Amino acid sequence: MKLGLLLCDDVRPELIKEHKNYPDMFATLLKKQQPDLELVTYRVLDMKFPTRTSDCDGWLISGSRHSANDAFEWITALEDFVRKLHSEDRKLVGICFGHQVIVKALGGKVVESDQGWGVGMSENSLLRHKPWMETAVDGFNLLVSHKDQVVELPESTDVLAASDFCPYYMLQFGENCFSVQGHPEFSKEYSAALMDSRRNSIPEHVFNMGMESLIQRPDSDVFGRWIINFFKN
C-alpha cells in the first residue's frame with residue numbers, strides 16, 4: 001500500500017530532535033499496523049503537490065499550526081485538491097487541520113471556537129459504527145491540540161464521534177473520506193512538549209487540565225488500525 005501524506009506543518013525546530021517530524025510520527029503509527037506501507041510525503045505547505053490524484057492508493061492530510069481559514073495560497077490549492085479527490089472517489093483521511101480543511105473544501109464551516117483551546121486527552125463517544133472499525137466500541141481517547149472547530153457540516157456527512165467539547169469530532173463524507181479532530185500520531189510526551197511550547201497562549205487552567213489529562217491512555221493503535229482498514233476497505 002502506498003499512501004501520500006499531504007504535509008501542512010513541521011514540528012517546531014526545538015522539539016524535532018526528541019520527537020522527530022510529523023512524517024516520522026505517521027510512519028510509526030501506521031507501519032505498526034501495515035509494516036510494508038510506503039508513506040510518501042508531499043510538502044503542500046511549500047506548494048509541493050502530487051502530479052496526479054492516482055499517484056498513491058490513498059491520501060492523508062496532516063495537522064497544522066495554521067487555521068483552515070488562513071489566506072494562504074497553499075491552503076486554497078489544498079482545498080481544490082480535496083475537492084478533486086472527493087469527486088474521483090479517492091480515499092482520503094484528514095487529521096485535525098486536515099479534518100477542518102476537508103469540511104471547508106466540501107462546503108462546511110470552521111471557526112475559532114468560543115470554547116477556546118482543546119489540549120491534552122479528549123474522551124469521545126462513538127455514535128456510528130462502520131465496517132472498517134472492525135469491533136464496536138463505545139468510545140475512544142485521542143490527543144488534541146486545536147482552537148478552531150467545525151460548526152457547519154457539508155451535505156451528506158455522517159457524524160461518527162463526538163464529545164461535549166467538540167460535537168463534530170469525527171466525520172465521514174460518502175464512502176471515500178473520513179476525518180478526525182484528534183491526533184492519533186501524537187505521543188503523550190510530544191503532546192506535553194507542544195502544550196509547554198504554547199504555554200503563553202493557553203489559559204493556565206486549560207494548560208493544567210491538559211497536562212493532568214495525560215494520565216489517560218490514548219487509543220492510538222486502535223485508530224491506526226481504523227485508518228489502515230479504511231484505506232483497504
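Where a number appears in this text, it was derived from the coordinates with a stated rule and is not lab data. Here the structure is a predicted model, which is why all the values come from computation and not from measurement. Methodologically, a virtual Cβ is constructed for each residue, glycine included, from the backbone with ideal geometry; neighbour enumeration extends over all protein chains shown.
A compact table of results
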| quantity | calculated |
| --- | --- |
| Long-range HN-HN contacts of S122 with modeled amide H, under 5 Å | L142, L143, V144 |
| Axial C-alpha extent at least 15 Å, average Kyte-Doolittle at least 0.0 - helices from the chain (DSSP) | 220-232 |
| Dipole magnitude of the stretch 1-50 about its Cα centre (Cβ charges: Lys, Arg +1; Asp, Glu -1), debye to nearest 20 | 100 |
| Theoretical gain in end-to-end length, K32 to D221 [0.36 nm per residue, Cα-Cα removed] | 67.2 nm |
| Likely footprinting exposure, K31, K232, fewest C-beta neighbours within 10 Å first | K232, K31 |
| Cβ-derived FRET efficiency at R0 22 Å, K109 paired with E79, nearest 0.05 | 0.95 |
| Residue-averaged [θ]222 nm for the chain, counting only DSSP H segments that reach four residues, each worth -39500 (n - 2.57) | -9500 deg cm²/dmol |
| Efficiency of FRET from Cβ geometry, K20 and H205, R₀ 30 Å, rounded to 0.05 | 0.45 |
| Neighbour-count ranking [beta-carbon atoms within 10 angstrom, fewest first] of M47, M170 | M47, M170 |
| Local electrostatic count, L126, Cβ distance below 15 Å [Lys/Arg +1, Asp/Glu -1] | -3 |
| Neighbour net charge for W226 - beta-carbon separation under 12 angstrom, K R +1, D E -1 | 0 |
| Isotropic mean projected area of the C-alpha convex hull, the stretch 114-233 (nm²) | 7.5 |
| Size of charge dipole - the stretch 2-232 - debye, nearest 20, with Cβ of Lys, Arg +1 and Asp, Glu -1, no other charges | 420 |
| Ranked R12, R52, R225, criterion: other C-beta atoms within 10 Å, fewest first | R52, R12, R225 |
| Environment charge at D55 (Cβ cut-off 12 Å; Lys +1, Arg +1, Asp -1, Glu -1) | +1 |
| In sequence order, calculated HN-Hα J values of the stretch 141-158 (Karplus, 6.51, -1.76, 1.60; Hz; x Gly/Pro) | 10, 9, 6, 9, 7, 7, 10, 7, 9, 6, 10, 9, 9, x, 5, 6, 10, 9 |
| With at most 12 neighbouring Cβ atoms within 10 Å, loop GluC sites (Glu not before Pro) (DSSP) excluded, longest segment of the chain | 1-87 |
| Contour excess over end-to-end distance, with Cα ends at E134 and R52 and 0.36 nm allotted per residue | 26.4 nm |
| Listed residue pairs exceeding 30 Å between alpha carbons, taken from K130/K188; K31/K84; K31/K91; K17/K104 | K17/K104 |
| Top positive-direction residue, dipole computed over the stretch 80-134 with Cβ charges, set G98, H86, G120 | H86 |
